[in-house]
1. Over 14 Å apart: what share of the alpha carbon pairs of segment B:193-255 falls there, rounded to a whole percent?
2. Report the dimensions of chain B along its three principal axes from the alpha-carbon atoms, largest first, rounded to Å.
3. When the helix-only estimate is applied to the protein assembly as shown (DSSP H runs of n ≥ 4, each -39,500 (n - 2.57), divided by the residue count), what is the mean residue ellipticity at 222 nm, nearest 500 deg cm²/dmol?
4. Most mobile of B:Y41, B:Y63, B:Y280 per a Gaussian network model of chain B (Cα springs, under 10 Å)?
5. Most exposed first by the Cβ proxy, i.e. fewest other Cβ within 10 Å, how do B:D248, A:D17 rank?
6. Using the Kyte-Doolittle scale, which helices in chain B average at least 0.5 and also have C-alpha atoms spread 18 Å or more along the helix axis, with helices defined as whole DSSP H runs?
7. Sequence-distant or interchain residues sharing an amide H contact under 5 Å with A:L29, placed H: which?
8. Would you give the gap between the C-alpha center of segment B:234-298 and the C-alpha center of segment A:129-189, rounded to a whole Å?
Amino acid sequence: MGIIKTRDLIYEYIRRDEEGNVEGITRALDDINLDVKQGDFVAILGHNGSGKSTLAKHINAILYPTEGTVWVDGMDTAREEHLWEIRQKAGMVFQNPDNQIIGQVVEEDVGFGPENLGVPTKEIWERVEESLKAVGMYEFRKHSPNKLSGGQKQRVSIAGVIAMHPKCIVLDEPTAMLDPNGRKEVIRAARALNDVEEITIILITHYMEEIIYANKVFVMDKGRIAMEGAPKEIFSHVEKLKALRLDVPQVTLLAHELKKSGLSVPDGILTCEELIEALKL
Amino acid sequence: MEEQSEEADSLAIWAGCRVGAGSGPVGNEENMLREITLGQYYQTDSVIHRMDPRVKLVTTVCYIISLFIVDNIAGYVIAGVFLALVIRLSRVPVKYMIRGMKSIVFLLIIAAGFNLFLTPGETIATFWKLKITREGIRLALFMAIRLVFLLMGSSVMTLTTTPNNLTDGMEKLLGPLKHLKVPVHEIAMMMSIALRFIPILLEETDKIMKAQIARGADFESGNLIKKAKSLVPLLVPLFISAFRRANDLAMAMEARCYRGGEHRTKMKPLIYKKRDGIAYGVVLIYLVLCVAVGKILL
């Protein structure tokens, strides 16, 4: 069994008026079936309101399914007795770096998770050191988070999750509020964790450039999984992606247009180098 | 754009009580917002700085009590000597202490004034209907000394302890109250989160203010009521954003397994060292001395 598995997952937001009467029901997730294996790098892609963040919150047991089941490492998230174990196994990094840093010093923030888990003091220090080194923020350990750039703050947040020794990290649009350099930093850190530590990464994003490193991509639309497959497969359906209001990387778009006008270019070109190779032939 | 973010950054640093290494809280007259300091921590290395925050808290409380016990010149001399000694040990320049005094000058004058003119006793001089008595002079003088020592004593604590450390100390000291169902850990957590978010919210206030000024908002002119009204477009977005942040933070804390103070370990636990024991001893001797001096001279 994989690290994360969902079966027929449905989640509904219920809107109520001031008296508490039900005004309307929005189905944010509709019949999601997901299987993620340990060590995978999964990207979940989708337009605003497609339900991707709602899905992320189910993996961390912040939201519970209306119908269906979510298992994290074999544990049902709806069962209360597993709650803290699930949250330790599946860490979560949120969008806004300022709103998830609790400590006033970088090292104290990274230590927050282990403190909550009841880890002995000596081991907390070891974990903080190794986590900060894993994201390349060790030399900033004594700094105030307010002095760091967005990308650095997000890396501190990631370190805070790693210090809890999770099997899986869910990154919920970690780069949405960052500049291009910060985005690269964060994605590099996530990839390194996946490669070196073999932590399962679930990256939720709407930037297409960030999914090319994933080994599996899910595209969501209106609460449903619209497409799934390797990045190459996803990008070979340019028209469909456009219909889902997603921006295709420029290289992929160029290759697609070239193919349409008669050149023999393969589908699913992801990088400049690939396109150059393809055109040489 | 670059400049603005830099300014906002320095604002955050200034308000964040974590002044750059080695330098004290250097006043910056350019920006009014920057002058809001919370707990004016003076960064340097001294015995007092390294001391356990619990010792400093207890000492401060004891010192304040001692100021109300002593009732004669000898007692005040002892209190003064003790204070001078601690200030010397803390390596905080005296001018920072004196700067802090400015805020109570008004209070000092009123308190001393009332005591000076309204104490009945042997009359020395009379101005119009006001009489100055010998007892009045004595009381006014003691009152002034008491207030000055009180403020200096407590500012030694805030100048030598980071707000974070202080919160930790309070949590530990008030720990026994947990049995009376006082949410000690929660209060301490709230305080440290507030400290973390003050610079962020200040930065945000600055941003909203600039955005509203750019659209023609006027925060400066008009009478008091008009000024207060003009703050509404500043406060409403600020509150909304603060609530949104609180919501996000609560979720982030839950995601990191926060479930209150139970089962929690500490990354930086407070452990008494030898110097803390010595400090407690010194405080005890000081208290005994204060009481003794009062008794002997009575």
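1. Numbers: 1250 of 1953 pairs.
Beyond 14 Å sits 64 percent of the P(r) for segment B:193-255.
2. Principal extents (Cα only, largest first): 66, 57, 41 Å.
3. Details: 22 runs with 297 residues, N = 579.
Calculated from helices alone, the mean residue ellipticity at 222 nm is -16500 deg cm²/dmol.
4. Comparing B:Y41, B:Y63, B:Y280 in a Gaussian network model of chain B, the most mobile one is B:Y280.
5. On the way: B:D248 16, A:D17 9.
Going from least to most buried by this count: A:D17, B:D248.
6. Values: long enough: B:2-15 (20 Å, -0.70); B:53-69 (24 Å, 1.50); B:73-90 (25 Å, 2.13); B:105-118 (19 Å, 2.61); B:134-160 (39 Å, 1.27); B:184-214 (44 Å, 0.78); B:232-255 (34 Å, 0.96); B:274-297 (35 Å, 1.51).
The answer, listed by residue number, is B:53-69, B:73-90, B:105-118, B:134-160, B:184-214, B:232-255, B:274-297.
7. Amide H neighbours of A:L29: A:Y11.
8. So the separation of the two Cα centres works out to 28 Å.
Each value in this text was obtained by applying a stated rule to the coordinates, not by laboratory testing. Keep in mind the model is a prediction, meaning the values are calculated, not measured. Note that we place each Cβ from the backbone using ideal geometry, even for glycine, and neighbour counts take in every protein chain shown.
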